[in-house]
Each structure stands twice: as C-alpha cells, then as structure tokens.
Amino acid sequence: MKPIYLDNNATTKVAPEVIEAMLPFLHEHYGNPSSMHSFGGNVARHLRAARAAIAALLGAQPEEILFTSCGTESDNAAIRSALETQPDKRHIVTSRVEHPAVKALAANLKKHGYRVTEIPVDKFGRLDLDRYEASLTPDTAIVSLMWANNETGVVFPIERAAALAKAQGILFHTDAVQAVGKVPIDLSRGAVDMLSLSGHKLHAPKGIGVLYVRKGTRFAPFLIGGHQELGRRGGTENVPGIIALGKASELAAAKMSDENERVKRLRDRLERGLLEQIPNAQINGDVDSRLPNTSNISFESVEGEAILLRLNEYGICASSGSACTSGSLQPSHVLRAMGVPFTMAHGSIRFSLSVYNSDQDIDLVLEKMPSVIENLRALSPFWTTDGAACSGTYSVQ
Ligand code: PLP
C-alpha cells in the first residue's frame, strides 16, 4: 500500500531532483573540499554554489551560512555560543511552546545556574508580546523563539520580536526549522542574528542543517576541531548533504509561492471537510497566522494515538498531539501551554502536507476519518450516546 503521507513536519521525502544532484557526490566527486588537489577543489566549488543557493533562499550572504548536522545542533550551537561569548550574562528568553531542541537545552542550562524565562502563549498559540518585551533585561544573553510551531503551524511575529531585542542590544536566535521553504524569509532587512534550519524538513536528506550567523555576530564554535566553516564548526563537511540542501533551497525558492498556495488549498479543504462531517472537533492554533501546510485538529473524547493506529490501517500517516510517556498519555506541552481542554488535547491529530500531496490523498482522509472517530467514540467512556462529551478528567500519572 502506498502511504498517504501527511506527516511532513516530522520529515519529508527527498525530492527526486535533489537525489539526482547529490548522487555524483557519493561516488564520483568524493574528494575532500579541503584538499589541495583539483579533485577536492572541484568539490569545494560545488559546495560554494550550494552555500550561495541556501543563502539566497534566506536573503543572507554565503559566509553567513554555517553547515551543521541537523536543526537540533544548530539550536544548541546558537544558544551555547551566545552564553560563551557573553559570560557575564545569565538570562535566556524563550517560549513555552519551543521544540525540545531549545526547550530541553534551556531546562538543562537552568540546572547549571542560568535563569530562563518562557514566554506564554494565548489559546490560539500566539506569543504574548507584552510579556516578551517586559522580560528583556540587561542580563539577557539571548532570545530564542521559533519562527513557526511544529505542532500547530502557528507563525510568531519574529521580525517584530527580533527588533525589540535588537533595540536593547540582545542577541536574537530563531528556530526556523519548520518555517524555511514554507514562508518567505528575508534576513537582509531584519534584526535576526542567528537562524536554524534542517534539511530533512524541506526535501533534502537527514543529517544536514544550517545555522545562519549574521556577519559581525561574535560566535564560539560548538564543535571544536579543524578549520572548516571558517573555524566555526570542525569536522569534514557532509558534502552530499550540502549539495542536496543547495538543490532543495533552489527548488523552494523557485516554487515557494505557487506550491504553498496549492498546499494551503488542500489543507483548507481537509479541515473544512473534517469539521463539516465530525461534531465536537476544533482547529488548534491561530488560523490567521499559520504555516500553509499544517493542521492540528482535536476530536473530543478520543485518544490521538488510537486515531493514528486506525488511520495507519488505511496507510494514512499523521502525528498525534499526545505522547505515551511512562505508560500515561500526556498531551503535548504546546497544547497544554495553549490551555486546550484535556479531552480535546488528548484527541489532537497533526496533519502536515507537502508539495507531493494531492486531492486524492485528502479524499481518502475525508472518506475514512468520520467512521474512525465515530467508532472510537462509541468505545469512549467520555462520550455519551447523544453525541456529547461528558464531564470528567483523564487520570494522568
Ligand atoms: N526545531 C523544530 C521546530 C523542529 O520541528 C525540529 C524537528 O522536528 C527540530 C527543531 C529538530 O530538527 P532536527 O530533527 O533536524 O534535529
């Protein structure tokens, strides 16, 4: 069965054009770009072209692009660099809804004596800008706010937030892992100092990431070793990955507005169809400021994981907003931060689309989903026969 893949915020298919571009760098042009011979020098030339393509997608300069292994490394490198280059500052500002690549690092830094402020969001997942502005102090070493949320797709006002930090001389990092290729980004005119992205979220393979570091920003390397990346990240470059990301960036830049408009139409049709057919369902997140490909929908009084298993039987791949930890189902920290009621948060499903989805994919979900929910609700102790959820809470250890 060919999967109906609606889990593109988890990872994406590598584009055929990207595979074609990277393959010669596995078996033909396999030289080390740092070598003195022309066999390596040829690779270095292609690497420069890929760096320029990625920079162009972001409105950046090629020398502001630093290759890493993934989004998590980029996030860690940005935050740790800010702390290392400003040892007298001990405060970090972030949000309650960050990806663990930032959230877990901040929690770890707290254990090591740093002060962390997590800015709350409202019920639509929107950042509290007043609380954010009030949180900035002379002791703040760095702000790290995500451009777009991986679970709900909500897009934060990053340019405004970065400008507020800049006005106080505070470094600003954004985790744009979910935003790059889905919303226009032009770093040339903004106040963002550092930005993370990850290849496998935009149709390049896993194992390649980027940290953008604005020219003039003091930077302390995360991986200390060789002279690669102008001494900012040791380790022989992942050449096939970099070539792949260069090609993926070119594709994203060329097709972004048309393709994202088509993806958004598919996503909106999916949401409309589900909400029309299924009672007691809601969209989570600010519908006026969302990624075009992401839909987070809650179905009251059913377990998200049970929905996923049923969808899996039809070859439909999605994600759930609750995760099984230590035998208990915990709604995600994002939905909890938004105050989504428990019986809704438990039944949340994230559908995330890509350019490879079609109307047929959406048709299948719209055909299967109503009976999946109806059957699960028939088994739920929290759903009454007249179609209403009864009050009561799940017990979570
Ligand atoms: N940040 C966000 C918003 C993400 O969605 C992800 C991955 O899901 C990451 C960071 C981590 O990226 P990677 O898997 O490349 O480490």
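Scanning the range 129-151 for residues that are among the polar types (S, T, N, Q) and either without any contact (Cβ under 8 Å) to a residue 24 or more places away in the chain or closer than 14 Å to VAL183 by Cβ (or both) turns up ASN149, ASN150.
For the range 258-281, residues that are without any contact (Cβ under 8 Å) to a residue 40 or more places away in the chain and farther than 14 Å from SER298 by Cα total 5. Checking every residue in the range 297-312 against the condition of being at positive phi, of a type outside the set (Gly, Ala, Ser) and either open to solvent by 30 Å² or more (accessible area, probe 1.4 Å) or over 24 Å from the mean Cα position of the chain (by Cα) (or both) gives zero matches.
Per this entry, ILE349 is not counted among residues that are of a type in the set (Val, Ile, Thr), out of contact with any Phe, Trp or Tyr (no Cβ under 6 Å at 6 or more places or on another chain) and surrounded by fewer than 23 Cβ atoms within 10 Å (Cβ to Cβ).
Scoring GLU28 on the criteria (1) buried (at least 17 other Cβ atoms within 10 Å of the Cβ); (2) farther than 19 Å from VAL192 by Cα leaves a single failure, condition (1). Of the helices (runs of 4 or more DSSP H) lying entirely inside the range 47-165, those containing at least 1 residues that are more than 16 Å from the ligand (Cβ to nearest atom), open to solvent by 30 Å² or more (accessible area, probe 1.4 Å) and among the acidic types (Asp, Glu) span 71-85, 129-135. Among all residues of the range 227-242, there is at least one that is among the hydrophobic types (A, V, I, L, M, F, W, C) and either under 23 Å from HIS27 (Cβ atoms) or under 21 Å from the mean Cα position of the chain (by Cα) (or both).
So for the range 13-27 (the condition being within 16 Å of the ligand (Cβ to nearest atom), in contact with a Phe, Trp or Tyr (Cβ under 9 Å, 6 or more places away or on another chain), closer than 26 Å to ASP186 by Cα and assigned to a loop (DSSP other than H, G, I, E, B)), does at least one residue qualify? Yes, some residue in the range 13-27 is within 16 Å of the ligand (Cβ to nearest atom), in contact with a Phe, Trp or Tyr (Cβ under 9 Å, 6 or more places away or on another chain), closer than 26 Å to ASP186 by Cα and assigned to a loop (DSSP other than H, G, I, E, B).
When ALA248, ALA281 are checked against the criterion of being in contact with a His (Cβ under 8 Å, 6 or more places away or on another chain) and open to solvent by less than 60 Å² (accessible area, probe 1.4 Å), a single residue qualifies: ALA248. When the range 166-190 is filtered for residues that are under 18 Å from ILE92 (Cβ atoms) and more than 14 Å from the ligand (Cβ to nearest atom), the ones remaining, listed by number, are LYS166, GLN168, GLY169, ILE170, LEU171, PHE172. Of note, GLY71 satisfies the criterion of being at negative phi, touching a residue at least 12 places away in the same chain (Cβ under 8 Å) and touching a strand residue (DSSP E or B) at 6+ places or on another chain (Cβ under 8 Å). Within the range 198-229, the residues that satisfy the criterion of being assigned to a loop (DSSP other than H, G, I, E, B) and either within 13 Å of the ligand (Cβ to nearest atom) or among the β-branched types (Val, Ile, Thr) (or both) are LEU202, ALA204, PRO205, LYS206, GLY207, ILE208, THR217, ILE224.
The values are calculated or read from the model by the stated rules, or taken from the named source; none is laboratory data. Given the structure is predicted, the values throughout are model-derived calculations rather than measurements. Cβ coordinates were reconstructed from backbone atoms using ideal geometry, including for glycine residues, and neighbour counts include every protein chain displayed. Surface accessibility is based on the protein's heavy atoms, side chains included, excluding ligands, DNA and RNA. Shrake-Rupley method; radii C 1.70, N 1.55, O 1.52, S 1.80 Å.
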